[in-house]
Every structure is written in structure tokens, then in C-alpha cells.
Amino acid sequence: MRILFLTKYDRRGGSSRFMVHDYLDFYEQAGIRCTVSPLFDDRYFDFHVLARSTGLKDILRHSGYYLARVMERIRYLFLSAQYDMAVFDKELLPYLPYGLELILRILQPKTIVLFDDATYVYYRHHPFPLIRFLCHRKLERVIRTCTHVIVWNEYLGNYARQFNPNVSVVNTGVDLRRYRVLKDYRVENSIKLRPTVIGWIGTPGSFPYVRILEGVFKELSNRYDVELHVISSQDYVSSNIKVVNKRWGLQTEIDDLLALDIGIMPLPDDEWTRGKCGAKAVQYMGVGTPAVCSYVGIAPQLIHDGVNGFLASNLQEWTDKLALLIENPTLRQEIGLRGRQTVENTYSLQAVAPRLISILQKVAEES
């Protein structure tokens, strides 16, 4: 079987990496020959697009690059008939109306679309009226057009089933071959050795979620020797806690996660956040770092509160549960190792890949 993957990003793009690139070795081992064509290759990230919102000036400044990438996407669109199936994440061209997806379906009758977040909400509330007008129902039409839909949480699954009965829900997975287990929980006399490290990983666009906890950071800093590590492409600044900024890199990501004593995933409760796939929490848990997450969306599915992580429904709970972990290194170890076991059983590539392979094979076999 030959599959064409039309991803949005190359490996440096988190969403495409979690949904496609990380699984390619498993697909090849299952006899699936994979061709991957990203819309934006790794050069895209050299434009520092993750450090700020991409505006019209950025697009014009790099117009040659964008035009070349669009032409490459269209070229592969017309090559899709040479494959047994085409798989793409979310949409073929962002910010443009529905259309290419229909052409793809005409050229290639077996198409699968992947979703790891609620992109339809993004378009529905986009600040530019023209984008809202062009794309407000785009994702609905994309879902209707495709043979099959794969989503990374049940909230997205319920949305997709309104428009297509052929929907599969899978879990976020991390590679156990890369995610080493935290060894140093500093159980004995640990609080005196160095600050307890609270950590967060993500893009600058999600910094507002971290700022939800500024009051919590202030209270914890007054009570304990703590610091906040932020793994991102831009500096996070706080007047309430000491911040150590770490530049995200695929080669350094695991070491930076292993430097954390506690991982956090704060979120407000809204349509967008309910559609998130919980990758941050899975990453923390994957290295054996205890995670504290807002009681939002997929988090209650990932975490059994007090067993393999902690859930917080309000700022007081955030303060109490972070304080509990700061004061108890032994508890951090117990929770962290249980979180790692959860990942090994359910949220690893090794656990998720067989299901994805089965879905691809089933779609390929259907007439």
C-alpha cells in the first residue's frame, strides 16, 4: 500500500509531528510505503512565525517562499491518483476557502483527514472578517468530503460525526524510544539542593494560558524556592516567579522536560481548549514528571486525580496541588512513575500505532 501524506508542517511543526511524522517508521514496518509532502517545510520556522502572529507583511516579505510551497502542494495534489490513499491534516491550504479538498477527493477516492484541535473554532472567531467569511464552514465541508476522519479526542469526534459517520478517535502518543524516564526525583533533602522546577512547554500563542496562574506563581514564590521553566520559541516574562526560558528544539526537548519537577497544563474552559489533544500532559507524563492540568477537555481522560497526576478546577486547587508536590518529592516520584505507566499502556506511539495502521488498512480495503 502506498499512501501520500499531505501534512501542514515538516517535523518541526508539533501538530504534524504528533499526527504523522512520528508514526512513519511504524507504517513502513507494516508494509506501508509513505510519501510525505509538507505544505511548510522547516525553512518556514526560520521566519520566526512561532514568536508572533503571522501578518500580511510577513507573507509579502516571504511571498516567493509561500508561492513555491503552494505550487508544490498543487503538484502533489495532482499526483495523488498514483497512490492508494491520501491523508492530510486539517486542510490543504489554510485561510483559503474549501475547494482543493474536493479536487483531491475527485482525483483520489480514498482520503483521510486528521484533526488534533478544533480548527473550526479558530476560523469561526478569527479577528479578520474576510477569513471568517471565507472559512467559517470550511472544515465542515472538508469532513463531509473525506472517506474517513481521524481525531485525537472524543470532543472532536462528536463534532466530526455530525457530518461524517466514518470517524475514529485515537490517543496522543509519544515515542518511548525517545522519552527517557526521570531518574532524579531528589527524594532525600531535595528542597534544599536547588529550586523546585515547575515547567511548561508550548508556543508563544499559548502564553495567555500560563498567565492564568500568575497569582498562583506569586503565592508559591512567597512560600517556596521555586522557578518556572518555559520551553518555547520566545521568552516568557513574569514579575511573580523566577523564569528560566529554554528555546525549544527537537534535539533538546527531552532533556528540557527531564529538568522539570512538575509539569503544568493550565487552560480556560472553552470550545477551543476542549478540542485540544493533551499533548503537553502526555509529554510530561512520558518522562515520569508529575503533571497538573486544568479540569478541561481531555485532561480528565488522561489523568485520574491524585493517582497518575492532578486536576485543578480553580486557582485555589492549583495552589494547593502544586504546593503538595513541591513539599513532597516522594509523592512526585510516585505520581510521575504512575503517569509514565499510563503513557506506556495507552499514550505511546507503540500503543497507538497499531490502531492507526488498522484504520488505514481498513479504509484501503473498502470498495
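The values are calculated or read from the model by the stated rules, or taken from the named source; none is laboratory data. Note that the coordinates shown come from a computational prediction; the quantities given were computed from them, not determined experimentally. Every residue, glycine as well, gets a Cβ built from its backbone with ideal geometry; the counts of neighbours run over all protein chains shown.
Name every residue in the range 313-332 that is surrounded by 18 or more Cβ atoms within 10 Å (Cβ to Cβ) and touching a residue at least 40 places away in the same chain (Cβ under 8 Å), in order of residue number.
Listed by number, the residues that qualify are W318, T319, L322, L325, I326, P329, R332.
Does any residue of the range 96-114 turn out to be out of contact with any helix residue (DSSP H, G or I) (no Cβ under 8 Å at 6 or more places or on another chain) and among the hydroxyl-bearing types (S, T, Y)?
The answer is no; no qualifying residue exists.
Quick one: would you say G297 is closer than 25 Å to G215 by Cα, in contact with a Lys or Arg (Cβ under 9 Å, 6 or more places away or on another chain) and surrounded by fewer than 16 Cβ atoms within 10 Å (Cβ to Cβ)?
Values: closer than 25 Å to G215 by Cα: yes; in contact with a Lys or Arg (Cβ under 9 Å, 6 or more places away or on another chain): yes; surrounded by fewer than 16 Cβ atoms within 10 Å (Cβ to Cβ): no.
Spelling it out, it is not the case that G297 is closer than 25 Å to G215 by Cα, in contact with a Lys or Arg (Cβ under 9 Å, 6 or more places away or on another chain) and surrounded by fewer than 16 Cβ atoms within 10 Å (Cβ to Cβ).
State yes or no: is V237 surrounded by 20 or more Cβ atoms within 10 Å (Cβ to Cβ) and among the β-branched types (V, I, T)?
It is false that V237 is surrounded by 20 or more Cβ atoms within 10 Å (Cβ to Cβ) and among the β-branched types (V, I, T).
Give me the pairs, please: first residue somewhere in the range 285-306 and over 15 Å from V174 (Cβ atoms), second residue anywhere and of a type in the set (D, E, K, R), beta-carbon distance under 6 Å, and either six or more positions apart or on two chains.
Pairs found: P290/R332; V292/K321; V296/D269; G297/R274; G297/K276.
Of the conditions (1) surrounded by 15 or more Cβ atoms within 10 Å (Cβ to Cβ); (2) modelled with pLDDT under 95, L130 fails just one. Which one is it?
Failed condition: (1).
Could you say whether any residue in the range 196-205 is farther than 24 Å from D255 by Cα, among the hydroxyl-bearing types (S, T, Y) and in contact with an Asp or Glu (Cβ under 9 Å, 6 or more places away or on another chain)? Can you show your working first?
Of the range 196-205, the ones farther than 24 Å from D255 by Cα are none.
Within the range 196-205, not a single residue is farther than 24 Å from D255 by Cα, among the hydroxyl-bearing types (S, T, Y) and in contact with an Asp or Glu (Cβ under 9 Å, 6 or more places away or on another chain).
R124: loosely packed, with under 13 Cβ neighbours inside 10 Å, in the same structural domain as Y23 (by TED's automatic domain parsing) and not hydrophobic (A, V, I, L, M, F, W, C), yes or no?
no
Among residues belonging to the range 60-77 that are modelled with pLDDT under 95 and aromatic (F, W, Y), point out the one that is nearest to L100 (Cα to Cα).
Among residues in the range 60-77 that are modelled with pLDDT under 95 and aromatic (F, W, Y), the one nearest to L100 (Cα to Cα) is Y66.
R338: in the same structural domain as T289 (by TED's automatic domain parsing), free of Cβ contacts under 8 Å to residues at least 60 places away in the same chain and surrounded by 15 or more Cβ atoms within 10 Å (Cβ to Cβ), yes or no? It would help to see each step written out before you state the result.
Numbers: in the same structural domain as T289 (by TED's automatic domain parsing): yes; free of Cβ contacts under 8 Å to residues at least 60 places away in the same chain: yes; surrounded by 15 or more Cβ atoms within 10 Å (Cβ to Cβ): yes.
For R338, the condition - in the same structural domain as T289 (by TED's automatic domain parsing), free of Cβ contacts under 8 Å to residues at least 60 places away in the same chain and surrounded by 15 or more Cβ atoms within 10 Å (Cβ to Cβ) - is met.
Scanning for something of a type in the set (D, E) and modelled with pLDDT of 65 or more, does the range 50-59 turn up at least one residue?
No, the range 50-59 contains no residue that is of a type in the set (D, E) and modelled with pLDDT of 65 or more.
Find the strands (runs of 3 or more DSSP E) located wholly in the range 173-290 whose residues include 3 or more that are assigned by TED's automatic domain parsing to the domain that holds E317 and over 28 Å from V151 (Cα atoms), and list them.
By residue number, 196-201, 226-232, 242-247.
How about the range 277-315: which of its residues are out of contact with any helix residue (DSSP H, G or I) (no Cβ under 9 Å at 6 or more places or on another chain) and polar (S, T, N, Q)?
S313, N314
Out of everything in the range 5-37 that is of a type in the set (S, T, Y) and within 25 Å of G278 (Cβ to Cβ), what residue ends up being surrounded by the most Cβ atoms within 10 Å (Cβ to Cβ)?
S16
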